[in-house]
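Structure record follows, encoded as C-alpha cells.
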Amino acid sequence: MVDPRRLTRFILVGGSTTVVFLCLTWLFVDGLQLQVLAGSTIALIFTGLYNYCSHYYWTFSSDTPHSSVFIKYLVMAAGAFTINGLIMHFGIMVMPVHYLVVQFLANVALVIWSFTVSSLWVFGRKD
C-alpha cells in the first residue's frame, strides 16, 4: 500500500527539484554566461544531488549506507532516462503527437517509475 505522506513528500521533492533545476540553469546560462549545454549539465548534476539527498533524508528517511543507496539511485535514474527517451521517441516519431503532450505523459510514467523503484529498491528498508 502506498504511504500518502511519503508520496506527498516525493512529489514535493520532485517539484522543488524542477524549480531548483530551472533556476540554476538560468543562473549558469544567463547569469554566468555559460553555454546552454554546459549550464544545463552543471545544473542537472547539482539538482540530482539535491534530489538524492532530499529523498534519502526526508522522503524515505533512509538509514542504509550511501555506498549502497547512491549506486541504486543512479541505476534508477538511468532507467528513468531510458524510459523518457523511449516514450519521447515513440510519441513524437511513431505517433506524431505534440512533444509537450508526450513529455507530460512521459513525466507521469517517470513519477510512477521513480516512486515505485525508490520505495521498493533504492531506499527500501530491510525490515
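The values are calculated or read from the model by the stated rules, or taken from the named source; none is laboratory data. Remember, predicted model here, so these are calculated numbers, not experimental data. Because the Cβ atoms are built from the backbone with ideal geometry, glycine has one as well, and the counts that use them run over all protein chains shown.
Looking at the range 51-64, I want the residues that are closer than 10 Å to S118 by Cβ and touching a residue at least 60 places away in the same chain (Cβ under 8 Å) and have a partner that is among the β-branched types (V, I, T) and surrounded by fewer than 20 Cβ atoms within 10 Å (Cβ to Cβ) with Cβ atoms under 6 Å, at least 6 apart or on another chain. Which pairs are those?
Between residues of the range 51-64 that are closer than 10 Å to S118 by Cβ and touching a residue at least 60 places away in the same chain (Cβ under 8 Å) and residues that are among the β-branched types (V, I, T) and surrounded by fewer than 20 Cβ atoms within 10 Å (Cβ to Cβ), the close pairs are H55/V13; T59/V13.
With the structure loaded, tell me whether Y57 is at pLDDT 95 or above, surrounded by fewer than 16 Cβ atoms within 10 Å (Cβ to Cβ) and either within 13 Å of F10 (Cα to Cα) or assigned by TED's automatic domain parsing to the domain that holds L7 (or both) or whether it fails that test.
Criteria met by Y57.
Considering each of I83, I87, I112 in turn, give the residue that is among the aliphatic types (A, V, I, L, M), without any contact (Cβ under 8 Å) to a residue 12 or more places away in the chain and in a helix (DSSP H, G or I).
So the residue among I83, I87, I112 that is among the aliphatic types (A, V, I, L, M), without any contact (Cβ under 8 Å) to a residue 12 or more places away in the chain and in a helix (DSSP H, G or I) is I112.
I'd like to know if the range 46-61 contains one or more residues that are touching a Leu at 6+ places or on another chain (Cβ under 7 Å) and either of a type in the set (G, A, S) or on the phi < 0 side of the Ramachandran plot (or both).
yes
Looking at the structure I just gave you, is Y73 within 20 Å of L7 (Cα to Cα), in the same structural domain as L120 (by TED's automatic domain parsing) and modelled with pLDDT of 90 or more?
yes
Is it the case, given these coordinates, that R9 is of a type in the set (K, R), surrounded by 17 or more Cβ atoms within 10 Å (Cβ to Cβ) and assigned to a helix (DSSP H, G or I)?
For R9, the condition - of a type in the set (K, R), surrounded by 17 or more Cβ atoms within 10 Å (Cβ to Cβ) and assigned to a helix (DSSP H, G or I) - is met.
Taking the residues in the range 90-109 that are over 18 Å from the mean Cα position of the chain (by Cα) and assigned to a helix (DSSP H, G or I) as candidates, determine which candidate is nearest to L44 (Cα to Cα).
Selected residue: Y99.
Across the range 26-48, what is the total count of residues that are in contact (Cβ under 8 Å) with a residue 12 or more places away in the chain and under 23 Å from S114 (Cα atoms)?
Residues flagged as in contact (Cβ under 8 Å) with a residue 12 or more places away in the chain and under 23 Å from S114 (Cα atoms) within the range 26-48 amount to 7.
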